[in-house]
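The values are calculated or read from the model by the stated rules, or taken from the named source; none is laboratory data. In this text the structure is predicted, and so the values were computed from the model without any measurement. So basically every Cβ, Gly included, is an ideal-geometry build from the backbone, and we count neighbours across all protein chains shown.
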Ligand SMILES: [Zn+2]
């Protein structure tokens, strides 16, 4: 009997390169995860603001991801609030619009992006917010029935008026009556290791990234723990960081995940973003 078992394991490992080591573990059914990317507008600002040593202006994408798992449908971040399409200063305040120009049109908000590929925004089960900055939680308002999954320390920072003001958080973006699950550290979203929240603090008090296991291997949606490929390669941090030491440790963690075979999806890297298929195309 040992031969067919070994053979079976070998075939499984061969067909599913993303689950290396499976043949040595207990065999369990593996859920298929589908991952889709949307661009919900762009913003333009000084490159030096976003990366030490950057020159001139840079236009960066505002990414949102849809993850479809057998047990539920999740978004990773929700982009900008729709008011930013006509009155960004009124929505995010003059300090932010003094730094960024918004390029964001009707139809680019997360709900419209979902509807364009036949998904109902009311049927999104989970929003994983990387953190509480305006370009990551602004669309929560358009996703009415989801449970938010955030790091406990981000939630606490958001609920503390002084900290929230210092970090540029707008409570109107995330305190909207959604059910909230506060997690502390790693969190396996569906209980099978397919979609896992990874703490990558530093950019904000409780920033998190999301690891998604595709058939081709692991993808890590870094969000603002790593704006650009160069942030990771050259350790060039943005101008405003909550905790530099923590952010550098998070970059080390991303580097080690990459070394282990994961593909890192950088948070606001326009060059990288050109290589990411946009929905309805699936990321494979
Ligand atoms: Zn951002």
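Pairs needed: first member in the range 60-74, modelled with pLDDT of 95 or more; second member anywhere, in a strand (DSSP E or B) and within 11 Å of the ligand (Cβ to nearest atom); C-beta distance under 7 Å; at least 6 residues apart or different chains.
Qualifying pairs under 7 Å: 60/43; 62/43.
Picking from 232, 214, which residue would you name as being touching a residue at least 60 places away in the same chain (Cβ under 8 Å) and either within 16 Å of the ligand (Cβ to nearest atom) or touching a helix residue (DSSP H, G or I) at 6+ places or on another chain (Cβ under 6 Å) (or both)?
Being touching a residue at least 60 places away in the same chain (Cβ under 8 Å) and either within 16 Å of the ligand (Cβ to nearest atom) or touching a helix residue (DSSP H, G or I) at 6+ places or on another chain (Cβ under 6 Å) (or both) holds for just one of 232, 214, which is 214.
Quick check on this structure: which one of 106, 82, 94 is away from the ligand (no atom under 16 Å from the Cβ), under 21 Å from residue 43 (Cα atoms) and buried (at least 20 other Cβ atoms within 10 Å of the Cβ)?
82
Which of the helices (runs of 4 or more DSSP H) found entirely inside the range 101-207 contain at least 3 residues meeting this: in contact with a helix residue (DSSP H, G or I) (Cβ under 7 Å, 6 or more places away or on another chain)?
110-116, 161-167, 171-174
Regarding residue 221, is this residue touching a residue at least 60 places away in the same chain (Cβ under 8 Å), more than 13 Å from the ligand (Cβ to nearest atom) and under 19 Å from residue 50 (Cα atoms)?
No, not satisfied.
Hey, among 170, 145, which residue is modelled with pLDDT of 95 or more and within 16 Å of the ligand (Cβ to nearest atom)?
It is 170.
State all residues of the range 243-284 that are within 16 Å of the ligand (Cβ to nearest atom) and loosely packed, with under 15 Cβ neighbours inside 10 Å; if no residue qualifies, say none.
The one that is within 16 Å of the ligand (Cβ to nearest atom) and loosely packed, with under 15 Cβ neighbours inside 10 Å: 270.
Sort out which residues of the range 65-82 are over 21 Å from residue 167 (Cα atoms) and not in a strand (DSSP E or B), and write them in order of number.
Within the range 65-82, 70, 71, 82 meet the criteria.
Consider residue 240 against the criteria (1) modelled with pLDDT of 95 or more; (2) closer than 23 Å to residue 156 by Cα; (3) within 16 Å of the ligand (Cβ to nearest atom); (4) out of contact with any strand residue (DSSP E or B) (no Cβ under 7 Å at 6 or more places or on another chain): it satisfies all of them except one. Which criterion is unmet?
(1)
Only one residue in 120, 160, 184, 175 is under 19 Å from residue 279 (Cβ atoms), away from the ligand (no atom under 14 Å from the Cβ) and at pLDDT 95 or above. Which one?
Exactly one residue qualifies, and that residue is 120.
Which pairs do you get when a residue that is farther than 23 Å from residue 183 by Cβ, found in the range 110-131, comes within reach of a residue that is within 16 Å of the ligand (Cβ to nearest atom) and part of a strand (DSSP E or B), reach meaning Cβ atoms under 6 angstrom, with the pair 6+ apart or on two chains?
Going by the 6 Å Cβ cut-off, the qualifying pairs are 113/38.
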